[in-house]
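Working notes, beginning with the structure itself.
The values are calculated or read from the model by the stated rules, or taken from the named source; none is laboratory data. Please read these numbers as outputs of a predicted model, since none were measured by experiment. Don't worry about glycine lacking a Cβ; one is built from the backbone with ideal geometry, like all the others, and counts go over all protein chains shown. Each accessible area value is taken on the protein alone, full model and side chains, heavy atoms only, with ligands, DNA and RNA left out. Shrake-Rupley method; radii C 1.70, N 1.55, O 1.52, S 1.80 Å.
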Amino acid sequence: MALTFRFDPPVDPALRDGLLTLWSDVTNAGGAVGFVPPVTAEEVRPELVRHFAAMAEGRTRLLVGYDEDGAVAASAFLTYNAHRLMRHWVWLYTVMVHPRHQGEGYGRDLMAAAADAARSLDGIEAIRLTCRGGTGADRFYEACGYKEVGRVPGMIRVAPGDDRDDVTMLLPLG
């Protein structure tokens, strides 16, 4: 069954709780989404609140994928670049598919929906994202059409003695 995607869904308690569960479950399954496991929803909440604040200020947009039961199953945040010389592309952040849906093609569906969402924004010509090296995420994004355009060795410290590359990837939308 395919996910149903919604760009800029209304933020209500069900969405908030669904995103908190998604983010903590993805992290605890080993997903590289800004935290290191184990993590609780309460530890994730301040970061989600920062994303919601950016949405309220018009700097960030939210894409959510709902499963057949209406539960939050996937999400990504698209953030405008505030620099006046770089307003023609957006950042893609916190790309997540719930672990129970891994291997069903939902990640590719989410990336295609994110590209469609970005194309719907005035003047946006590309999507840029970063990912943690050593996770395989860069290979996944390459399979979705992104190209690696930069790599900074050892810039992400997962734990003492476990430094990962910060990989920058780009998807032109033209």
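Descriptive notes on the structure:
- For segment 68-169: rounded, prolate or oblate by the Cα gyration tensor [a/c cutoff 1.5]: oblate
- Whether the chain is rounded, prolate or oblate, judged on the alpha carbon gyration tensor where a/c under 1.5 counts as rounded: rounded
- Accessible-area value, D116, 1.4 Å probe, nucleic acids and ligands omitted, Å²: 90
- At least 24 Å along the helix axis (C-alpha) and Kyte average at least 0.5, DSSP helices within the chain: none
- Share of carbon and sulfur in the accessible heavy-atom surface of the chain [1.4 Å probe, %]: 52
- Potential lengthening of the chain between V36 and D116 amounts to 25.8 nm, from the contour at 0.36 nm per residue minus the alpha-carbon distance.
- For segment 1-69, the dipole from Cβ point charges (+1 on Lys and Arg, -1 on Asp and Glu) about the Cα centre works out to 320 debye, to the nearest 20.
- Spin-label model, M155 to R50: label points 7 Å out along the Cα-to-beta-carbon direction sit 1.6 nm apart.
- The magnitude of the dipole of the chain, with charges of +1 and -1 set on the Cβ of Lys/Arg and Asp/Glu and taken from the Cα centre, is near 560 debye.
- Surrounding net charge for R132, when Lys and Arg each add one and Asp and Glu each subtract one, Cβ distance under 10 Å: -2
- Segment 3-12 - phi-based ³J(HN,Hα) in whole Hz, Karplus 6.51/-1.76/1.60, Gly and Pro as x: 7, 9, 9, 9, 9, 6, x, x, 7, 9
- Ligands, DNA and RNA aside, Y106 has an accessible area near 10 Å² when probed at 1.4 Å.
- Overall form of segment 99-152 per C-alpha gyration tensor (a/c, 1.5; a/b vs b/c): oblate
- Phi angles across segment 163-170 convert, under the Karplus curve 6.51 cos²θ - 1.76 cosθ + 1.60 with θ = phi - 60°, into 3J(HN,Hα) values of 9, 10, 6, 9, 9, 9, 10, 9 Hz, Gly and Pro given as x.
- Each part reduced to its alpha carbon centroid, segment 4-30 and segment 51-69 end up 9 Å apart.
- Accessible surface, per residue, of the chain when the full set of protein chains is kept, probe 1.4 Å, Å²: 52
- Residues Y146, Y93, sorted by accessible area with the largest first, give Y93, Y146 [1.4 Å probe; ligands and nucleic acids excluded].
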